[in-house]
Amino acid sequence: MYSEMAICFQFPLFSLIPLFISGALLPAPQNITILSTNMKHFLSWSPVVVPGEAVKYSVEFQGEYEREYANDSWIPIGECTSIHITQCDITEDISATVPYNLRIRAALGTQASRWATLNGFFSRVTTSLFPPKMTVTADGYHLLVELEYLGPAFEFWIFYWKKGQQHEMNRKVVRDSSTAIHLETMEADTEYCVKAQTYVEAINRNSNFSEVQCVKAGDGNRIWVTFAPLFLIIFIASALFLPWVTWKIFQVCQYSCCPNEDMPDTLKLTESPARMLNYKGEEIEKCDESVQVLHPEEFLLLYDL
């Protein structure tokens with residue numbers, strides 16, 4: 001009976017041995033490194049190779065708060081949980097200028113390796129800042145510069161000057177690099193030079209300067225020669241059409257302000273003015289002849305009637 005009980009207790013132990021052995025065969029990731037340039041941080045590691053199997057990886061991070069105030073806890077990075085690639089973008093999670101620790105483990109089915117931790121802490125203040133890509137152009141007499149967009153954390157310090165007058169250098173600070181930036185109105189036949197660098201306030205660091213680019217403003221005489229045919233056409237057109245336009249305007253004003261109207265027949269003179277005056281005089285005399293003068297007694301009689 002004792003031997004039967006021993007066999008019963010020993011069977012589960014022997015059945016777990018293959019699991020322990022297979023778990024030990026799944027090694028932890030190695031060669032963990034961080035590549036950080038222009039505030040973009042990528043964690044990478046060497047793949048765990050299991051012939052014929054697809055190993056998955058999970059990444060967690062620990063900041064200063066987790067170490068000191070959250071019982072030394074770790075936070076999984078959602079975008080880097082159960083992934084097949086050997087690289088993880090940790091830029092969004094490294095959001096403060098404090099030391100971070102990171103760890104990775106491999107998984108295959110229900111098996112998981114031990115956690116492999118980054119050698120030392122990482123701080124975004126150690127990121128490598130590179131000069132911005134820059135294009136300088138002269139649009140007529142406008143000095144323009146285009147800069148690559150690096151993210152909201154960046155601002156750009158742009159320096160420009162007339163060639164040979166670097167002691168009179170100007171500086172312009174911009175944050176939005178999505179459109180062309182106007183620096184200055186250029187003088188004719190004058191060459192201007194531009195260089196730029198990035199600055200990140202969060203880590204209080206700036207990059208080196210970009211290579212100097214110089215452009216020359218357009219020639220005023222050349223511009224005149226280019227547009228001379230157009231000016232000539234405009235002048236000829238004005239000379240031909242200006243008199244006609246003036247005449248049309250005069251006609252419109254004449255008919256609008258002083259229109260021609262026919263005089264009514266009652267106001268027209270059909271006879272000479274002298275004859276009409278004589279006719280009027282005769283009518284007046286006839287009126288005078290019909291007037292009778294009444295004495296007061298006769299007037300009273302008429303009133304009593």
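Looking only at the range 84-92, decide whether some residue is of a type in the set (Val, Ile, Thr) and more than 17 Å from VAL48 (Cβ to Cβ).
Yes, the conditions are met somewhere in the range 84-92.
In this structure, is ALA28 among the small types (Gly, Ala, Ser), within 28 Å of THR127 (Cβ to Cβ), more than 35 Å from the chain's Cα centre (by Cα) and at pLDDT below 95?
Spelling it out, it is not the case that ALA28 is among the small types (Gly, Ala, Ser), within 28 Å of THR127 (Cβ to Cβ), more than 35 Å from the chain's Cα centre (by Cα) and at pLDDT below 95.
Please pick out the residue among LEU150, LEU183 that is at negative phi, in a strand (DSSP E or B) and either within 26 Å of the chain's Cα centre (by Cα) or exposed (fewer than 13 other Cβ atoms within 10 Å of the Cβ) (or both).
Selected residue: LEU183, the only one of LEU150, LEU183 that is at negative phi, in a strand (DSSP E or B) and either within 26 Å of the chain's Cα centre (by Cα) or exposed (fewer than 13 other Cβ atoms within 10 Å of the Cβ) (or both).
Looking at the range 157-180, which of the residues that are more than 18 Å from GLU211 (Cβ to Cβ) and among the polar types (S, T, N, Q) is surrounded by the fewest Cβ atoms within 10 Å (Cβ to Cβ)?
SER178
Kindly provide the set of residues from the range 100-114 that are closer than 10 Å to PRO29 by Cβ and touching a Ser or Thr at 6+ places or on another chain (Cβ under 9 Å), ordered by number.
ARG103, ILE104, ARG105, ALA106
Among the residues of the range 133-171, count how many are within 23 Å of THR97 (Cα to Cα) and either of a type in the set (A, V, I, L, M, F, W, C) or outside the structural domain of TYR192 (by TED's automatic domain parsing) (or both).
Count: 5.
Just the residues that are aliphatic (A, V, I, L, M) and not in a loop (DSSP other than H, G, I, E, B), please, taken from the range 120-145.
Selection gives VAL125, MET134, VAL136, ALA138, LEU143, LEU144, VAL145.
With (1) closer than 30 Å to ILE203 by Cα; (2) loosely packed, with under 14 Cβ neighbours inside 10 Å as the list, and HIS84 as the residue in question, which single condition is left unmet?
Against the list (1) closer than 30 Å to ILE203 by Cα; (2) loosely packed, with under 14 Cβ neighbours inside 10 Å, HIS84 comes up short only on (1).
The values are calculated or read from the model by the stated rules, or taken from the named source; none is laboratory data. Every value quoted in this text rests on a predicted model; they were computed, and no experiment measured them. We place every Cβ from the backbone using ideal geometry, glycine too, and count neighbours over all the protein chains shown.
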